[in-house]
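Worksheet for the structure shown next.
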Amino acid sequence: MAERVLIVDDEIDFCSNLSDLLGEFGYSTDVAYRGQEAIELAKRNKPRLALLDFMLPSMTGVELFRHLRQIDSGIEAILVTAYASNETARAANEAGM
């Protein structure tokens, strides 16, 4: 069974391209464009890894990761952002990303 990856970004094309690429490498993917949608997918499908955009419409990727950790404390995440800063890196690191 393929490892499951949750991709969360409000850029539809980015999600589609990344999902296709990961699929070529044998990963199963779920795609969400908003935080709450991602939380529901995580509850149902139990991904092992989440690729999270920092700037989401309803919450940050760091806030979303905290919710995902409540669902599964073993989930790992990578923060993807065009808004990188020392503050963003610190927040991600403190959250365990």
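Annotations for the structure displayed:
- Segment 68-90, residues that are of a type in the set (A, V, I, L, M), farther than 16 Å from E11 by Cα and not in a strand (DSSP E or B): L68, I71, I75, A84, A89
- The residue pairs whose first member lies in segment 1-14 and is more than 11 Å from R48 (Cα to Cα) and at pLDDT 95 or above, whose second member is assigned to a helix (DSSP H, G or I) and open to solvent by 10 Å² or more (accessible area, probe 1.4 Å), and whose beta carbons are closer than 9 Å, counting only pairs six or more residues apart or on different chains, are I7/F14; I7/L18; I7/S19; I7/L22; V8/E37; V8/L41; D9/L18.
- Residue count for segment 49-67, restricted to those that are in contact with a strand residue (DSSP E or B) (Cβ under 6 Å, 6 or more places away or on another chain) and either under 13 Å from V5 (Cα atoms) or part of a strand (DSSP E or B) (or both): 5
- Considering each residue of segment 68-75 in turn, none proves to be touching a strand residue (DSSP E or B) at 6+ places or on another chain (Cβ under 9 Å), crowded, with 19+ Cβ neighbours inside 10 Å, more than 18 Å from V5 (Cβ to Cβ) and of a type outside the set (D, E).
- In segment 7-44, residue farthest from S58 (Cα to Cα) [restricted to those that are open to solvent by 90 Å² or more (accessible area, probe 1.4 Å) and assigned to a loop (DSSP other than H, G, I, E, B)]: F25
The values are calculated or read from the model by the stated rules, or taken from the named source; none is laboratory data. Here the structure is a predicted model, which is why all the values come from computation and not from measurement. Quick reminder, even Gly has a Cβ in these numbers, built from the backbone with ideal geometry, and neighbours come from all protein chains shown. The area values use the complete protein model at the heavy-atom level, side chains included, leaving out ligands, DNA and RNA. Shrake-Rupley method; radii C 1.70, N 1.55, O 1.52, S 1.80 Å.
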